[in-house]
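The structure appears right after this line, and notes come after that.
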Amino acid sequence: MMMRANLVGALVCLTIGAASIHADDWPEWRGKGRLGVWNETGILEKFPEKGLNVLWRTPVKEGYSGPAVADGRVFVTDFSRIKGPRGIERALCLDEKTGRVLWTQEWQADYGGIGWENGPHATPTVDGDRVYVLGSAGVLLALNVKTGEIVWRKDYVKDYGADLGTWGISGAPLVDGDRLICLVGGEPDAKVVAFDKMTGKEIWRALPSNSPAGVSQPIIISAGGTRQLIIWHPAAVVSLDPATGKLHWEQPFKVSSEMTIPMVHSGLQLLVSSFYDGPLMLSLDDKQPASRVLWKGKSSSEVLTDGLHATIVTPVIQGDYIYGICSYGQLRCLNAKTGERVWETQAVTIEKARWASAQIVRNGDRYFLNNDRGELIIARFTPEGYQEVGRTQLLKPTTDPRNRRQLVSVNWMHPAYANKHIYARNDEEIICASLAADGK
């Protein structure tokens, strides 16, 4: 009996120990489930005076896409120009601990007609032994994570007649069971397409392409007793059945310049926000897949903004309040029930400049923010105001924002938070820095 008790105690200790050292990967845009939440513990409370411990740096080329981290590997895409708008897009796989390049896969791309031709926009999506990568010109590849070998390939333009739009193809592929759901913008009636994730065979298509596809990231939520695929395109916010593509509901919301980027869900609230046209808050039905407009912004000016005219940054909903970055870099707090502004501050982005931004990720009761000046910030948000814990320089800004800035260049790329580290890139390098409490 004593031996059995000792054995049970040992197993319990091992289980607790394993749980305490459990690490989280970051397999897709904004982390698992696209929630922008980093659940790891044992993370530093403040930044070291000398800055973060950078474990490795690996050269990369141009690109807006953030990295994904899974099973000891880091995946990122980039672009190198050959002549004019033509060049080579690449997918790179790096060793998570050393930054050593394990493999690369490349393909030709023509950015003709794309307004922002600095490289791929979509974060890779990792699922088991596959990684799905998407270029700005519409080439979708399913790659073997160990070798980089092409398993299957689609070309949105050649296969579906897709229009690249103002900004190029940007919606990162979304895995749902056996399906890979993609914002294609194709014809006929192929704005959204679900492929068999193993073979690339089309399963279903949905929504007419009588408006541009836009640049939002598809998400799946649970509301009204139903799993719902949410698509925001420049004419409407739409809910589909992710298994069949059947339409649940549609809320018209026309936005300018195809700027359909920030979208966030919390409980029965679904918020979208556009640079020119401001916010739209939808209230979701709790018994069936349906929605109604709870409130909407009143301003169509990028300067005289009443609510939250977000550009690049996905806001967060915390209780009864919304926190997000507005059109000129103002961090704002809004009442989630009414849209009324509670407070604002310029402290995060410093310069009041067009499209100034800071990516926001929650960790426990605080937030990590990557502003476009290349700084990493720890802060807390409350209805009473913004509380900054600290900030440190992380990366050199390298991207031309196409408008005048104090620092000339910006960094708009989404980072990855995984295994107590941050993985961040610019147009020259990708780095891994420790955020562990012990600095390792």
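Kindly provide the set of residues from the stretch 211-224 that are touching a residue at least 24 places away in the same chain (Cβ under 8 Å) and either part of a loop (DSSP other than H, G, I, E, B) or polar (S, T, N, Q) (or both), ordered by number. Scanning the stretch 211-224 gives Ser211, Pro212, Ala213, Gly214, Val215, Ser216, Gln217, Pro218, Gly224. Yes or no: Ile317 at negative phi, of a type in the set (A, V, I, L, M, F, W, C) and either open to solvent by 70 Å² or more (accessible area, probe 1.4 Å) or touching a Leu at 6+ places or on another chain (Cβ under 7 Å) (or both)? Considered against the rule, which asks whether it is at negative phi, of a type in the set (A, V, I, L, M, F, W, C) and either open to solvent by 70 Å² or more (accessible area, probe 1.4 Å) or touching a Leu at 6+ places or on another chain (Cβ under 7 Å) (or both), Ile317 comes out as yes.
Is it true that Lys154 is among the basic types (Lys, Arg), over 21 Å from Arg73 (Cβ atoms) and touching a residue at least 40 places away in the same chain (Cβ under 8 Å)? Yes, satisfied.
Every listed requirement among (1) without any contact (Cβ under 8 Å) to a residue 60 or more places away in the chain; (2) open to solvent by less than 30 Å² (accessible area, probe 1.4 Å); (3) within 21 Å of Ser274 (Cβ to Cβ) is met by Cys182 save one, (3). All conditions but one from (1) within 19 Å of Pro279 (Cα to Cα); (2) in a loop (DSSP other than H, G, I, E, B) apply to Val238; the one that does not is (2). Ile261 fulfils the conditions (1) part of a strand (DSSP E or B); (2) under 24 Å from the mean Cα position of the chain (by Cα) except for a single criterion, (1).
Among the residues of the stretch 371-424 satisfying the criterion of being without any contact (Cβ under 8 Å) to a residue 12 or more places away in the chain and among the polar types (S, T, N, Q), which is most open to solvent (accessible area, probe 1.4 Å)? The extreme case among them is Gln387.
Among the residues of the stretch 221-277, those identified as farther than 29 Å from Asp306 by Cα, among the aliphatic types (A, V, I, L, M) and surrounded by fewer than 22 Cβ atoms within 10 Å (Cβ to Cβ) are Ala243, Leu247. The listed residues are Val131, Val151, Val69, Val139, and the only one of them that is closer than 25 Å to His421 by Cα and touching a Lys or Arg at 6+ places or on another chain (Cβ under 9 Å) turns out to be Val131. Exactly one residue out of Val151, Val157 is open to solvent by 50 Å² or more (accessible area, probe 1.4 Å), in contact with a Gly (Cβ under 6 Å, 6 or more places away or on another chain) and among the β-branched types (Val, Ile, Thr): that is Val157. Would you be able to say whether some residue in the stretch 158-177 is hydrophobic (A, V, I, L, M, F, W, C) and without any contact (Cβ under 8 Å) to a residue 40 or more places away in the chain? The answer is no; no qualifying residue exists. Of all the criteria given as (1) surrounded by 23 or more Cβ atoms within 10 Å (Cβ to Cβ); (2) more than 22 Å from the chain's Cα centre (by Cα), the one not satisfied by Thr349 is (2). In the set (1) charged (D, E, K, R); (2) within 20 Å of Arg366 (Cβ to Cβ); (3) open to solvent by 30 Å² or more (accessible area, probe 1.4 Å), the condition left unmet by Arg30 is number (3). Gly115 meets the stated requirement of being open to solvent by 20 Å² or more (accessible area, probe 1.4 Å) and under 23 Å from the mean Cα position of the chain (by Cα).
The values are calculated or read from the model by the stated rules, or taken from the named source; none is laboratory data. Because the structure is predicted, anything quoted here is derived from the model rather than measured. Cβ atoms come from the backbone with ideal geometry, glycine included; neighbour counts cover every protein chain shown. Heavy atoms of the whole protein, side chains included, go into the accessibility calculation; ligands, DNA and RNA do not. Shrake-Rupley method; radii C 1.70, N 1.55, O 1.52, S 1.80 Å.
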